[in-house]
1. Report, ordered by the first and then the second residue, all pairs with beta carbons closer than 9 Å, sequence separation of six or more or different chains, a first member in the range 139-157 that is touching a residue at least 40 places away in the same chain (Cβ under 8 Å), and a second member that is not in a helix (DSSP H, G or I).
2. Of the residues 254, 276, only one is modelled with pLDDT of 90 or more, in a helix (DSSP H, G or I) and exposed (fewer than 14 other Cβ atoms within 10 Å of the Cβ); which?
3. Taking residue 325, is it assigned to a helix (DSSP H, G or I), under 40 Å from the mean Cα position of the chain (by Cα) and not assigned by TED's automatic domain parsing to the domain that holds residue 227?
4. Within the range 457-478, identify whether any single residue is surrounded by 14 or more Cβ atoms within 10 Å (Cβ to Cβ), under 30 Å from residue 244 (Cα atoms) and at pLDDT below 90, and answer yes or no.
5. Check 361, 341, 336 and return the single one that is under 30 Å from residue 286 (Cα atoms), in contact with a helix residue (DSSP H, G or I) (Cβ under 7 Å, 6 or more places away or on another chain) and at pLDDT 90 or above.
6. Before we move on, is residue 405 part of a loop (DSSP other than H, G, I, E, B) and modelled with pLDDT under 90?
7. Residues 198, 266, 235: which one is modelled with pLDDT of 90 or more and more than 48 Å from the chain's Cα centre (by Cα)?
8. Pull up the range 479-493, narrow it to residues that are closer than 21 Å to residue 395 by Cβ and touching a residue at least 60 places away in the same chain (Cβ under 8 Å), then point me to the one that is surrounded by the most Cβ atoms within 10 Å (Cβ to Cβ).
């Protein structure tokens with residue numbers, strides 16, 4: 001389909017180069033010119049208004065240009081490659097072939113009124129046609145075919161849906177009945193294991209109570225052996241408060257350590273069986289805990305499965321829980337579930353047998369720990385008495401040396417005071433000599449002469465510096481000597497305080513603690 005378009009312009013002023021517009025559906029829209037018309041005109045066309053076009057019932061989809069409509073229509077004039085278009089064609093617009101009848105336009109658009117550009121716009125609206133009749137016909141045929149296909153698919157879907165609903169109803173009813181039966185069987189299994197767990201729980205509680213009573217007797221026997229041990233440890237602890245050189249590993253400390261080792265040796269077997277009893281009691285409690293936890297889980301499962309067994313489609317309290325079927329919280333299978341409870345019962349039975357054997361061993365143990373602890377107790381007391389005598393003699397000798405050191409400290413302090421006075425006396429002569437030198441630096445020009453007076457002043461300052469340095473050195477030596485004497489005094493005083501502290505610890509603390517010893521009956525755990 002070929003269209004002829006005639007564009008009328010005035011000779012005075014050509015149209016302005018603005019984008020062409022087409023009035024479509026009461027709205028101005030941008031359109032593009034074909035390369036043929038651009039080549040014909042030689043410059044961009046201008047449109048300021050267009051006559052409205054009738055609006056179609058609906059927009060047609062974008063259809064590619066028909067090859068038959070534009071076949072063998074080669075352009076007479078090609079657009080130059082250097083010609084720059086300020087716009088591009090839209091998706092729903094097509095370029096049309098034209099036979100130009102006018103010469104290319106030239107000039108500017110200055111002074112051209114909108115009324116003078118109307119004739120070219122009215123002709124241009126007929127140039128750009130969106131679709132051809134063939135496009136319109138094929139679009140209608142496509143819509144008819146699509147509607148027929150949709151109706152046929154809807155009829156098939158309706159028939160399949162009816163059959164699907166009936167099948168799913170029967171499947172749902174069967175699944176619910178099967179699950180109800182399986183839940184009933186599950187409740188029966190839970191009841192059986194609950195009874196087994198309850199019986200074994202009662203037995204393990206009874207054995208644990210018996211072991212706990214035996215353990216209490218063993219603890220009382222061991223507690224009585226703790227008194228001599230605590231006395232020996234307390235003596236060692238008190239003697240750790242000795243200061244300085246008195247922290248020696250003397251005979252008293254050796255005897256105390258021997259006593260501690262002897263008591264620990266007597267306690268070792270008792271502690272061993274006590275630890276075994278504690279460990280056995282812990283394993284009994286662990287087995288009991290597993291039984292109680294398993295029994296509690298069985299009760300909770302019985303309650304939940306019983307409730308699930310009673311639920312029906314008409315029951316109250318049912319609701320939707322979206323996505324719950326995707327949550328797999330199970331951690332066991334029926335075989336591992338039954339084996340778990342059976343293992344708990346077998347473990348409890350093994351612990352009951354071990355607990356009974358341990359109680360028999362403890363009964364035979366508590367009669368062998370009372371006779372080895374008294375000999376060492378007396379040996380420690382003798383060693384303490386001898387050490388106290390040695391400490392008193394050393395304290396008297398320290399007092400004599402301290403008196404001599406105090407006298408020498410007094411003499412050294414007097415010497416230091418004499419040195420301080422000598423140093424202070426050298427201050428005024430130094431100030432005089434340095435002031436003279438400073439004043440002589442203000443002599444003008446050639447008067448700054450290094451005369452004998454200048455040389456003697458410099459020599460005097462140096463002599464005074466050497467004198468001060470020698471006095472400072474001697475003062476430092478005297479102060480160092482005084483510090484050594486003070487340190488010796490402090491050491492002697494510290495030693496005196498150390499000896500006094502050691503005498504107090506050995507006489508008052510240690511001997512005061514070692515006055516009583518537990519009886520044999522208490523060591524056997526009968527009291």
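1. Close Cβ pairs (under 9 Å, with a partner that is not in a helix (DSSP H, G or I)) amount to 139/60; 139/61; 139/63; 139/131.
2. Selected residue: 254, the only one of 254, 276 that is modelled with pLDDT of 90 or more, in a helix (DSSP H, G or I) and exposed (fewer than 14 other Cβ atoms within 10 Å of the Cβ).
3. Details: assigned to a helix (DSSP H, G or I): yes; under 40 Å from the mean Cα position of the chain (by Cα): yes; not assigned by TED's automatic domain parsing to the domain that holds residue 227: yes.
Taking the combined requirement at face value, the residue satisfies it.
4. yes
5. One residue alone meets the criteria, 341.
6. Taking the combined requirement at face value, the residue does not satisfy it.
7. On the way: 198 fails: more than 48 Å from the chain's Cα centre (by Cα); 266 fails: modelled with pLDDT of 90 or more.
Result: 235 is the single residue among 198, 266, 235 that is modelled with pLDDT of 90 or more and more than 48 Å from the chain's Cα centre (by Cα).
8. Here the answer is 492.
The values are calculated or read from the model by the stated rules, or taken from the named source; none is laboratory data. If you're wondering where the values come from, they're calculated on a predicted model, not measured in any experiment. Neighbour counts are summed over all protein chains in view; Cβ atoms, including those assigned to glycine, are modelled from backbone coordinates with ideal geometry.
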